[in-house]
Structures are given as C-alpha cells and as structure tokens.
Amino acid sequence: MSNSIKAAMQNFAVSQALKYIEGNPEENIPKLMELVDKYTPEDWYSSQRNAIREAIEEKSNWYQLILRLYELAPGVRKAFFQNFLFNASLKGGAIQEEAKEKYGCNIPWAILLDPTSACNLCCTGCWAAEYGNKLNLSLEDINSIVRQGKELGTYMYIYTGGEPLVRKKDIIKLCEMHPDCEFLAFTNGTLIDEEFCHEMLRVKNFVPAISLEGFEKANDSRRGQGIYQKVQDAMARMKAHKLPFGVSTCYTNRNVEDVSSEKYFDLMIDSGALFVWFFHYMPVGNDAALELLPTPEQREEMYHRIRAFRQTKAIFSIDFQNDA
Ligand code: SF4
C-alpha cells in the first residue's frame with residue numbers, strides 16, 4: 001500500500017475516532033475500540049488493547065477512568081486524543097521508526113526539559129533553592145528543541161524544574177506554537193490561578209501534574225505552610241473548568257503511610273486528578289535530608305499498594321522507579 005493511501009486511511013480513521021470521543025460514552029467507547037482494531041496492526045499495543053476491551057466488558061475501574069475522560073471540556077478532550085494518542089503514539093511512532101533507521105539511534109517518545117531552575121517555593125531537601133533563578137532556557141531554544149523533536153516523531157514534551165510555571169507566558173506561547181504536541185509540566189500548583197485556567201482552556205494542549213505529598217500536615221511539613229490549601233484550590237479550579245490534570249507524589253519515610261492509603265487515592269480522585277505519578281525521595285546535594293529516604297521495606301510496601309489500587313481505583317497510577 002502506498003504511503004499516501006495509508007496516510008489517507010489514517011486521517012479518515014482519526015476523523016471518525018474524533019466523532020466517537022464526543023457524545024454518549026457508553027455507546028461510543030466500544031465503537032472507538034472497533035476502529036482502533038480495524039486501522040492498527042494486530043500486534044500494536046495488543047496487551048493494552050485487550051486490557052481496555054476487558055475493562056469495557058467488565059465496567060471496571062479502568063472503564064470508570066475512561067468515562068472520566070469524557071467529562072473533560074470538549075476541545076481539550078479532542079486535543080488530548082489527537083496529540084497524545086494519535087500524534088505522540090501512532091503518527092509519531094511511525095516517524096520515529098524511520099528516524100531510528102536513518103540515524104541508527106533510539107528516538108524518545110517524550111522529551112523532558114527544564115525551562116528554568118527558578119522556583120517560588122523552598123521545599124526541604126530540594127536542590128532548586130541552591131541553583132536560584134540563574135538557569136533558564138530561552139523561548140527560542142525550547143521552540144527549537146520541539147521543532148527538532150517533531151522532525152524525529154516526538155510530540156510529547158514534559159517540563160520539570162525548578163517550577164516551570166514561573167515561565168507561564170512562555171509555556172502558553174509554546175502550546176500555541178505547537179498545537180499538535182501535548183505538553184505536561186511537573187508543578188507545585190501554587191501559580192495556577194483563574195487566568196491561567198482560561199489560558200489552558202484556550203490552548204487546550206497543556207496538562208499539569210501537581211505536587212502533593214499526602215494530607216495537610218505531611219505535605220506542608222516539607223513543602224511549606226499553607227501549600228496544601230493552595231494545591232486544593234488549584235485542583236478545584238481546574239476541576240470546575242473541566243481541565244485534565246494529575247498529581248505528582250514524592251514519598252519519603254515520613255509520608256509513605258499517608259500516600260499509600262485508600263483515603264489518599266480517594267482524595268485525588270475526588271479532587272479531579274486523572275493520574276498520579278509516584279516517585280520516592282531522591283536526595284541531591286551536600287545538604288540533602290538523608291533522613292527522609294524511605295526504607296527498603298517501605299519501598300516494597302509502596303510497590304504492592306500501588307499495584308493493588310490499580311485494580312480498584314479510577315486513576316492512572318505510575319510507579320516511576322519500578323514501572324520502568
Ligand atoms: S516546588 Fe519543586 S522545585 Fe520548588 S522547591 Fe519544591 S520540590 Fe523544589
């Protein structure tokens with residue numbers, strides 16, 4: 001089959017699929033799966049596809065999570081589907097394969113970058129305060145990285161830091177410059193105000209992963225007084241605007257009980273988070289707080305609890321150190 005026919009078929013399939021992500025999810029989710037089966041090779045993500053099919057049949061927690069995606073603002077949901085599922089995975093995957101052959105090296109599915117080392121907080125054990133606000137990537141440099149990445153088939157960009165949202169205006173500008181990419185940022189969440197929510201709704205392709213480290217006492221003991229409430233306010237704002245977001249949780253030997261509890265998972269889901277990314281505390285620098293390191297037993301317990309909640313809770317849980 002020629003490349004142009006293949007591309008035309010793919011475009012047709014995507015335009016059909018975009019119709020199915022609107023309207024009644026109970027009717028359209030099975031149709032969406034039929035379309036995926038028809039237009040993608042059988043061995044592509046076959047285990048994930050089987051798992052989704054099972055989830056639909058059993059109406060499991062994963063199915064509940066898919067239903068939650070249908071609650072997002074329509075334009076944002078469409079951009080997420082187009083950029084994250086189609087551009088970053090199917091279309092990007094094919095370009096990456098070609099680039100891999102051509103250059104003889106691996107091409108990443110996502111590119112991580114730090115727009116700035118600056119941060120408006122000063123959490124215990126974090127290196128950001130030591131670096132201050134001296135290290136910044138210019139808008140032009142970030143734009144160039146994304147342009148070059150897209151040529152190689154990479155459509156997913158993840159900002160870390162520092163606090164990426166101290167560069168709010170540039171972050172939004174980059175979303176506008178590359179509407180075919182999905183941008184995710186690990187953020188402390190304190191700079192997500194009403195105006196920024198409107199900007200996210202306007203550009204549609206930005207997803208925050210907000211740091212939360214348990215309930216108020218545990219969270220604020222490392223991140224600062226009042227930060228828990230600011231994060232709750234930011235999540236409530238995004239939920240009200242039907243914006244997608246997740247949580248990023250660093251676990252230490254002090255908060256591990258909190259963040260591995262059912263109550264914590266329910267809190268994240270009720271707050272509107274679609275995913276949670278767990279990391280264990282990693283000390284950096286000469287003055288790092290070694291006493292916060294989780295013990296081997298705590299890490300093992302965390303490993304099992306995350307996997308147990310994956311079977312029951314309507315939130316996508318990623319175990320950074322162990323899933324890789
Ligand atoms: S918010 Fe993040 S980058 Fe800023 S001090 Fe805290 S841990 Fe470090």
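The values are calculated or read from the model by the stated rules, or taken from the named source; none is laboratory data. Values in this document were obtained by computation on a predicted structure and should not be read as measured data. Ideal geometry is used to build each Cβ from the backbone, glycine not excepted, and the neighbour counts take in all protein chains shown.
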Residue count, the stretch 235-290, condition assigned to a loop (DSSP other than H, G, I, E, B), aromatic (Phe, Trp, Tyr) and under 21 Å from Cys123 (Cα atoms), comes to 1
Mind checking which residues of the stretch 299-315 are within 18 Å of Lys59 (Cα to Cα) and either part of a helix (DSSP H, G or I) or at pLDDT below 95 (or both)?
Ala308, Phe309, Arg310, Gln311
Which condition breaks for Gln82 when tested against (1) more than 16 Å from the ligand (Cβ to nearest atom); (2) surrounded by 15 or more Cβ atoms within 10 Å (Cβ to Cβ); (3) not in a helix (DSSP H, G or I)?
(3)
Could you list, ordered by first residue, the pairs with Cβ atoms under 8 Å in which the first is in the stretch 192-220 and within 16 Å of the ligand (Cβ to nearest atom) and the second is of a type in the set (D, E, K, R) and part of a loop (DSSP other than H, G, I, E, B), at least 6 apart or interchain?
Ala218/Arg254; Asn219/Glu213
Per-region count, the stretch 37-47, residues surrounded by 11 or more Cβ atoms within 10 Å (Cβ to Cβ) and either modelled with pLDDT under 75 or not assigned by TED's automatic domain parsing to the domain that holds Tyr63 (or both):
4
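Taking Leu135, is it hydrophobic (A, V, I, L, M, F, W, C), more than 23 Å from Gln16 (Cβ to Cβ), surrounded by fewer than 15 Cβ atoms within 10 Å (Cβ to Cβ) and not assigned by TED's automatic domain parsing to the domain that holds Asn28?
Details: hydrophobic (A, V, I, L, M, F, W, C): yes; more than 23 Å from Gln16 (Cβ to Cβ): yes; surrounded by fewer than 15 Cβ atoms within 10 Å (Cβ to Cβ): yes; not assigned by TED's automatic domain parsing to the domain that holds Asn28: yes.
Here the answer is yes, as Leu135 does meet what is asked.
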Among the residues of the stretch 262-298 satisfying the criterion of being at pLDDT 95 or above and hydroxyl-bearing (Ser, Thr, Tyr), which is surrounded by the most Cβ atoms within 10 Å (Cβ to Cβ)?
Tyr264
Every residue in the stretch 48-67 that is surrounded by fewer than 17 Cβ atoms within 10 Å (Cβ to Cβ) and within 20 Å of His241 (Cβ to Cβ), please.
Leu67
If you check Asn322 against the conditions, is it assigned to a helix (DSSP H, G or I) and modelled with pLDDT under 95?
yes
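Which of the residues belonging to the stretch 7-27 are crowded, with 17+ Cβ neighbours inside 10 Å and modelled with pLDDT of 75 or more?
From the stretch 7-27, those crowded, with 17+ Cβ neighbours inside 10 Å are 13-14, 17, 20-21, 25; that's our starting set.
The answer is Ala17, Tyr20, Ile21, Pro25.
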Give the residues of the stretch 204-234 that are out of contact with any Lys or Arg (no Cβ under 9 Å at 6 or more places or on another chain) and part of a strand (DSSP E or B), sorted by residue number.
Phe206, Val207, Pro208, Ala209, Ile210
If you take the residues of the stretch 166-179 that are out of contact with any helix residue (DSSP H, G or I) (no Cβ under 8 Å at 6 or more places or on another chain) and of a type in the set (D, E, K, R), which of them is farthest from the ligand (Cβ to nearest atom)?
Lys169
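Considering only the stretch 139-165, state which residues are within 16 Å of the ligand (Cβ to nearest atom) and farther than 17 Å from His198 by Cα.
If we filter the stretch 139-165 for residues that are within 16 Å of the ligand (Cβ to nearest atom), which is where we start, we get 158-165.
Matches in the stretch 139-165: Ile158, Tyr159, Thr160, Gly161, Gly162, Glu163, Pro164.
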Conditions (1) hydrophobic (A, V, I, L, M, F, W, C); (2) within 16 Å of the ligand (Cβ to nearest atom); (3) surrounded by 13 or more Cβ atoms within 10 Å (Cβ to Cβ) -> Leu90 fails only (2)
Can you list residue pairs whose Cβ atoms sit under 9 Å apart, with the first residue in the stretch 121-133 being modelled with pLDDT of 75 or more and the second being near the ligand (Cβ under 7 Å from one of its atoms) and among the acidic types (Asp, Glu)? Count only pairs 6 or more apart in sequence or on different chains.
Leu121/Glu163
